[in-house]
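The values are calculated or read from the model by the stated rules, or taken from the named source; none is laboratory data. Keep in mind the model is a prediction, meaning the values are calculated, not measured. With ideal geometry, Cβ positions are generated from the backbone for all residues, glycine too; neighbour counts draw on all protein chains shown. With ligands, DNA and RNA removed, areas are computed over all heavy atoms of the protein, side chains included. Shrake-Rupley method; radii C 1.70, N 1.55, O 1.52, S 1.80 Å.
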Amino acid sequence: MSYFAVDDGAHAHPKFMAASNAALGLWVRVGSWVAQQLTDGHVPGTVAKLYGTPAQARSLVSAGLWHGAGHDCPRCPRPRPGDFYMHDYAASGNRSRAEIKARREQSAAGSRRHRERQAPKPPPPPSDEQLGLDDAEPDQPAPRRATIRPDWAPSREDVHAAQAARAAAGLLPLTADQVDAVTAKFVRRQLDDGTVAAAWGGRWQQWAENERPERSQPGGNVVPMPGMTKGAQQRAGLDRLRNQLAGGTA
């Protein structure tokens, strides 16, 4: 908050004695507005008309309390035509716009620092002893990624998972020869691409699930049985898969 300064001897000052009481009321009221708006003593003509009459404004100019455009006071800036300037605004104890803004910024910074000091401090992080980590086993290293071995082969579980997925998709199961052919092609492709991984079972399962050996599979073509439709062949294949799974063979 800013204030408009009025000297305690203003009541008997010659300039105050020369102005009418109504004009002095305009001077005080506009002075309050100037201090609030931080205009550094400049009075827009619209504000003067809002709070007073042209006669009151002329009385203040005549008494030397305000200046109009083209005045000859060496200590005060010249306002625009139609506006006014309060004589010796800064010299009368009124702070400038820059001073007030600097004080406000300092006050806001002090308030922020006070709030930061008063804010509750977060608790310190728990120690390893509090978390019960003193005797905990060290973290296990991540599995090492490497290229596939040329002699890699899927596990029994990998084969069963792939066959089950093919059955669920309505595809014929892979024969043992087809499993070997798919595996050889899979290993060759991973080596050609330079692929590295920590495990290969899941990748092989996806590969085997998507194989279509009945179309073209070297060394493992499915020969359709005479007199059987494709649907009948698929059902027969599912029966063979169920028998394999029940017998525990890949």
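How much accessible area per residue does the stretch 51-97 have, in Å², with a 1.4 Å probe? Walk me through the intermediate numbers first.
Values: 2650 Å² over 47 residues.
On a per-residue basis, 56 Å².
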- Task: Mind grabbing the accessible area of His42 for me, 1.4 Å probe, Å², rounded to tens?
- Result: 70 Å²
- Item | Share of alpha-carbon pairs per 10 Å distance bin for the stretch 41-195, given as whole % | 8, 15, 11, 7, 8, 7, 7, 8, 10, 13, 7, 1
- Considering only the other residues whose Cβ falls under 13 Å of the Cβ of Gln56, what net charge follows from Lys and Arg at +1 and Asp and Glu at -1? +3
- Extension gain, Thr147 back to Arg112 (0.36 nm per residue minus Cα-Cα distance, nm): 6.7 nm
- Message: Could you derive backbone 3J(HN,Hα) for the stretch 99-109 from the dihedral phi with the Karplus parameters 6.51, -1.76 and 1.60 (θ = phi - 60°), listing whole Hz in sequence and x where the residue is Gly or Pro?
- Response: 5, 5, 5, 5, 5, 5, 5, 4, 5, 5, 5
- Item | Karplus (6.51, -1.76, 1.60) ³J(HN,Hα), θ = phi - 60°, over the stretch 78-86, in Hz, Gly and Pro reported as x | 8, x, 6, x, x, 9, 9, 9, 7
- Ranking by accessible area, most exposed first, for Lys101, Lys121, Lys15 with a 1.4 Å probe: Lys121, Lys101, Lys15
- Scalar couplings 3J(HN,Hα) for the stretch 6-17 by Karplus 6.51 cos²θ - 1.76 cosθ + 1.60 (θ = phi - 60°), nearest whole Hz, x for Gly and Pro, are 10, 5, 6, x, 5, 4, 10, 5, x, 5, 5, 5
- Message: So if each residue of separation counts as 0.36 nm, and I subtract the Cα-Cα distance between Lys49 and Arg188, what length gain in nm does that give?
- Response: 40.6 nm
